[in-house]
Amino acid sequence: MLSKLSFGASVLSEYLDFSEVNWEKMQEATIETISMTLGSVVIIFFAGLLLGLLLYETNGKNTVFAKILYRVVAILVNVFRSIPFIILIVLLIPVTKTLVGSIIGPVAALPALILSSAPFFARLVEIGFREIDKGVVEAAEAMGASKWQIIYKVLIPESLPAIVSGITVTTISLVGATAMAGVIGAGGLGNLAYLDGFQRSQPAVTLVATLIILVIVFIIQAIGDVLVKKVDKR
Amino acid sequence: MIELKNVKKVFQTKQGSLTAVKDINVSIKDGEIYGIVGYSGAGKSTLVRMFNGLEMPTDGTVAIEGKVISQLKGKSLRKERQKIGMIFQHFNLLWSRTVEENVLFPLELAKMPKKEREAKAKELIGLVGLEGREKAYPSQLSGGQKQRVGIARALANDPTLLLCDEATSALDPQTTDEVLDLLLDINKRLNLTIVLITHEMHVIRKICDKVAVMDNGKIVEEGSVIDVFKKPQQEITKRFIRQDSNPDSEDTDLIFEELLAEYPEGKIVHLTFHGKQAKMPIMSKIVREDGVDLSIIQGSIQQTQDGAIGSLYVQLTGESQKIQIAIEELRKLQVEVEVVEHVVEA
């Protein structure tokens with residue numbers, strides 16, 4: 001009994017041994033995680049929006065071109081959404097090497113982050129567009145709106161709540177992905193937890209990294225919720 | 001002037017080709033309110049969408065003020081559409097925009113300068129009676145108010161033609177009448193041509209000048225509202241009119257059956273009065289002078305754009321010769337008389 005208790009206490013003390021934590025390194029890793037997430041989110045947002053629009057516009061159209069385009073995009077979306085991120089990142093090493101010139105550091109994580117999340121976000125955008133009442137689009141057409149005017153004056157504003165909540169979900173999953181990217185040397189909190197926490201047996205480092213990631217996720221969710229509430233006038 | 005010539009629309013579906021509209025020849029004068037009535041599936045939605053090129057005819061032409069809409073494409077079609085307003089059953093407002101922004105929307109599409117745009121929107125919101133609600137979102141409005149926004153939006157670019165796609169079908173009777181009054185008012189004030197489709201004869205009667213009855217993709221009957229109401233030719237038209245003038249027609253039919261069985265020598269007649277006859281003591285004159293007995297089964301009087309129309313179902317009993325004379329007498333007084341021989345299914 002007593003031995004079990006002391007065992008528990010020793011585990012706890014390992015987790016709480018904050019003297020092992022190098023706060024400067026922790027801060028640096030946090031900044032790396034945030035910048036990796038934000039950098040990829042910006043690209044994913046625009047790429048996903050474009051891809052989602054393409055999916056929406058080509059879905060159900062009867063021309064051969066639209067049918068082929070939809071198939072191709074849909075297959076790409078499904079493939080990249082299905083590959084486990086840790087495999088994708090390894091799979092992409094040669095591509096990353098040619099594109100970025102290195103496979104280490106935050107920038108090297110970008111290709112894998114974008115390829116895994118942009119298709120996912122594109123699907124959410126497409127669903128958002130499709131939820132818009134067809135009648136509203138028809139009304140805009142009846143008023144003489146051009147294709148482009150329909151996109152930026154009807155589709156995007158009317159599906160904004162879906163787009164905002166979609167990008168929130170995507171960003172949160174990206175935080176997780178950046179941690180995984182850390183394992184292959186992309187830096188950030190995942191990298192720190194792996195190198196110092198796991199390989200050098202410093203559980204306190206892992207605990208702190210976990211808590212910081214949780215805080216980041218909560219903040220992103222809170223911002224997303226506030227924004228959705230603000231744009232949703234339904 | 002709007003002219004549809006030999007318009008036909010065929011849709012290709014997986015089950016084969018479907019003819020939605022065929023042999024449509026219509027001409028509508030400027031400033032007219034033209035109603036198209038039909039049951040759902042009759043092709044009226046497809047037809048109304050051909051006026052602004054949302055649907056293009058498979059065959060035939062649609063011309064507005066001499067411009068052949070059905071041959072326009074791209075930019076020139078969009079330009080033409082800006083001069084054709086349209087309102088919808090489900091309003092189709094942008095929920096992300098306020099009332100004011102919804103009205104501004106077509107003006108933005110037409111690239112009107114900002115100052116003019118705002119002045120115009122203000123004027124339109126006043127026209128439809130929504131002052132003070134400019135900053136409200138559609139979700140905060142009632143159905144009637146939403147349709148008013150729809151109307152203001154449709155009128156934004158000073159159209160010459162307004163299309164109404166079942167514009168009152170989602171509204172309660174009271175609100176329907178308010179919206180119809182507004183449409184009539186706008187028609188008079190702006191000399192705006194209105195083409196509306198509906199499945200309610202009530203809407204036609206209240207505001208239309210002319211009516212076309214659609215069935216199975218074809219116009220089966222057309223004419224001025226008063227003529228069609230007075231002397232409907234087709235069964236389907238009679239059915240529509242009867243539903244409007246006598247919502248309890250099933251009950252009336254039951255009474256007909258009983259009376260026909262009970263008094264085989266008597267005659268049930270449907271009388272239609274129009275204009276000043278509706279206000280004359282015709283029936284008492286007939287009873288007094290022709291010596292027939294009369295029992296009233298059902299009656300109603302309704303207002304159209306061209307005076308009142310009265311409908312009366314009565315049973316005439318007495319000597320059959322006298323009944324015949326009475327009917328002749330009624331016809332002489334320009335009352336439409338229809339002898340009910342058997343019960344019509346309404």
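Descriptive notes on the structure:
- Out of B:I204, B:I186, B:I194, sole residue that is outside any helix (DSSP H, G or I) and in contact (Cβ under 8 Å) with a residue 40 or more places away in the chain: B:I194
- Taking segment B:121-148 as the range and being charged (D, E, K, R), within 14 Å of another protein chain (Cβ to nearest Cβ) and surrounded by 18 or more Cβ atoms within 10 Å (Cβ to Cβ) as the test, only B:K146 passes.
- Taking (1) out of contact with any strand residue (DSSP E or B) (no Cβ under 7 Å at 6 or more places or on another chain); (2) surrounded by 17 or more Cβ atoms within 10 Å (Cβ to Cβ); (3) within 30 Å of B:S295 (Cβ to Cβ) in turn, B:M201 satisfies each apart from (1).
- Of all residues in segment B:88-103 being part of a loop (DSSP other than H, G, I, E, B) and closer than 10 Å to A:A139 by Cβ, the one that is nearest to the other protein chains (Cβ to nearest Cβ): B:N92
- Exactly one residue out of A:T63, A:T33, A:T58 is out of contact with any Asp or Glu (no Cβ under 8 Å at 6 or more places or on another chain), modelled with pLDDT of 85 or more and either farther than 30 Å from A:G187 by Cβ or of a type in the set (D, E) (or both): that is A:T58.
- Inside segment A:150-166, residues that are touching a helix residue (DSSP H, G or I) at 6+ places or on another chain (Cβ under 6 Å) and either surrounded by fewer than 22 Cβ atoms within 10 Å (Cβ to Cβ) or in a helix (DSSP H, G or I) (or both) make up a count of 10.
- Segment A:213-234: number of residues that are part of a helix (DSSP H, G or I) and in contact (Cβ under 8 Å) with a residue 60 or more places away in the chain: 6
- Which listed residue, of A:E24, A:E14, is at pLDDT below 90, out of contact with any Ser or Thr (no Cβ under 9 Å at 6 or more places or on another chain) and assigned to a helix (DSSP H, G or I): A:E24
- Residue satisfying all of: in segment B:71-87; without any contact (Cβ under 8 Å) to a residue 60 or more places away in the chain and among the small types (G, A, S); nearest to the other protein chains (Cβ to nearest Cβ) among these: B:G74
- Filter pass, A:T210 being in a helix (DSSP H, G or I), buried (at least 19 other Cβ atoms within 10 Å of the Cβ) and among the hydroxyl-bearing types (S, T, Y): no
- Looking only at segment B:104-115, and only at residues there that are within 12 Å of chain A (Cβ to nearest Cβ) and outside any helix (DSSP H, G or I), the one that is surrounded by the most Cβ atoms within 10 Å (Cβ to Cβ): B:A110
- Among the residues of segment B:153-169, those identified as within 12 Å of chain A (Cβ to nearest Cβ) and either among the β-branched types (V, I, T) or more than 15 Å from the chain's Cα centre (by Cα) (or both) are B:R153, B:A154, B:L155, B:A156, B:N157, B:P159, B:L161.
- Matching residues in segment B:207-256 - criterion: being among the aliphatic types (A, V, I, L, M) and part of a helix (DSSP H, G or I): B:I207, B:V225, B:I226, B:V228, B:I236, B:I241, B:L254, B:I255
- Residues that are assigned to a loop (DSSP other than H, G, I, E, B), within 12 Å of B:H90 (Cα to Cα) and of a type outside the set (D, E) within segment B:144-173 comprise B:A167, B:T168, B:S169, B:A170, B:L171, listed in sequence order.
- With respect to the conditions (1) within 14 Å of chain A (Cβ to nearest Cβ); (2) within 23 Å of the chain's Cα centre (by Cα); (3) more than 23 Å from B:D244 (Cβ to Cβ), B:I186 falls short on a single one, namely (1).
- Residues of segment A:113-148 classified as away from chain B (no Cβ under 14 Å) and not β-branched (V, I, T), total: 13
- Any hit, segment B:50-62, residues being of a type outside the set (V, I, T), surrounded by 20 or more Cβ atoms within 10 Å (Cβ to Cβ), in contact (Cβ under 8 Å) with a residue 12 or more places away in the chain and more than 13 Å from chain A (Cβ to nearest Cβ): yes
- Taking segment B:313-338 as the range and being surrounded by fewer than 20 Cβ atoms within 10 Å (Cβ to Cβ) and either within 27 Å of the chain's Cα centre (by Cα) or among the aromatic types (F, W, Y) (or both) as the test, the residues that pass are B:Q334, B:E336, B:V337, B:E338.
The values are calculated or read from the model by the stated rules, or taken from the named source; none is laboratory data. What you see is a predicted model, and the numbers here were worked out from it, not measured in a lab. Methodologically, a virtual Cβ is constructed for each residue, glycine included, from the backbone with ideal geometry; neighbour enumeration extends over all protein chains shown.
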